[in-house]
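The values are calculated or read from the model by the stated rules, or taken from the named source; none is laboratory data. This one's a predicted model, so the numbers in the text were calculated from it and none came from an experiment. Positions of Cβ are generated from backbone atoms using ideal geometry, with glycine treated the same way; all protein chains shown enter the neighbour counts.
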């Protein structure tokens, strides 16, 4: 039986999901969190739906064996491809990041909404479906931005080339006068400043992190699975490949709560 | 027993190795070639040596089961990490691309030699060792350029951002007044024009493709394994993930000789 003292499991292809893990840890500081980054096979976003489902299944199986009480897919690509599959497979609540991202977009009250994401996420049209359900008269435009994950992973957020690449990717959104832009990939908040500069200060940028955390809170509360602990939760990190940059970014997000990264083979 | 009628096996993480396969096909047009791109797990260059060896072992096993007469590692990262391992594992000749790249650099007769490659290739210092053996008094400088593979895979060769990123990566080579620059990744020839513009027309750019092909020719000749066929060789392509761009680039290189791409699971 699932117990409130069990950990929350979170996975992503790499460091992007740390933006979601940080929001969850901030909102639910007493929860134990087990994070898995599938760094040996990243990126997911350029790969086929079948391959992404297979990778997501491996990642989820690893976390489910650790007796988690809820599973968070902290990756838009994996959510778009594998959310239904993982909900059938898991006996615990499974939370993706696309529904929370769509909720955050709807909450801005704007009607002209842009979505950027990986090839796989955009091709799935999962955001369009989710936003249309909440804002039936929305005008939605979307585009894949495949170079943004490598730029974020390589720490090129402040490099002038990133701005040029964003100008290419975001030109159709500027022409369409988008009012709200969804950062539909958990890596993109790492490039938020550059994106805001290119689209202009009037465009509202939304991402899934904070909304996913409050979505998770509500589900755990409803199922009486919120931790009763009074001490700080324990954070445990796994990755499928050793990666110094992963540790660096995790340290930026979690400070002293990030103690070590363990390599695992799925 | 190995026979001259058997195919040559070639693998890379993705499309980069097609530059080597094209050179081999041009020099040895009567040879059958089986090409494998491990697109489900690319890129290799940002991953650890242990992970790269494991992936290279899977790729080599797949090709060796097809009764190839020689194995070409058409990837600098996999050559740097796994050449020794694969030579012990395989009963057929195994050719990497680093020794041919070093031979091409030495053949320019220059003493100030630069090397660019992936994180894993540069960290291995495999090019420095190979060049130093051929040109003991060479002054060698090297740097990792991790964004060049994604830029090549995404067809951003002619985008102004690629030039800006190259200016950042190549500044130390320009300061050091390199005379020869080794494109130490089989993807980089796809960005050759931009690299040449940034370093200037006086710098000689070398890559492994043509030298690897003539290296392979010499080994097959020595072992009496050159095909005796008079008709054109058959080209067969496999990838671990479906990928439209792979087919596009393969068509550019091989025209009508590229007929189909088959997806396989390693």
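Of note:
- Just so you know, in region A:144-160 the residues that are in contact with a helix residue (DSSP H, G or I) (Cβ under 6 Å, 6 or more places away or on another chain) and over 20 Å from residue B:42 (Cβ atoms) include one that is nearest to the other protein chains (Cβ to nearest Cβ), and it is A:160.
- Helices (runs of 4 or more DSSP H) within region A:6-109 that include 1 or more residues on the phi < 0 side of the Ramachandran plot, touching a residue at least 12 places away in the same chain (Cβ under 8 Å) and within 14 Å of chain B (Cβ to nearest Cβ): A:49-64, A:76-89
- Selection status of residue A:218, over 17 Å from residue A:7 (Cα atoms) and in the same structural domain as residue A:57 (by TED's automatic domain parsing): no
- Among the residues of region A:161-172, the one identified as more than 12 Å from every other protein chain (Cβ to nearest Cβ) and within 23 Å of the chain's Cα centre (by Cα) is A:170.
- Residue that is at pLDDT 90 or above, surrounded by 12 or more Cβ atoms within 10 Å (Cβ to Cβ), closer than 24 Å to residue A:45 by Cα and not assigned by TED's automatic domain parsing to the domain that holds residue B:156, where the choices are B:236, B:240: B:240
- Scanning region B:246-263 for residues that are touching a helix residue (DSSP H, G or I) at 6+ places or on another chain (Cβ under 7 Å) and either in a loop (DSSP other than H, G, I, E, B) or under 24 Å from residue B:52 (Cβ atoms) (or both) yields B:249, B:250, B:258, B:261.
- Restricting attention to region B:243-256 and to residues that are touching a strand residue (DSSP E or B) at 6+ places or on another chain (Cβ under 7 Å) and away from every other protein chain (no Cβ under 14 Å), the residue that is surrounded by the fewest Cβ atoms within 10 Å (Cβ to Cβ) turns out to be B:254.
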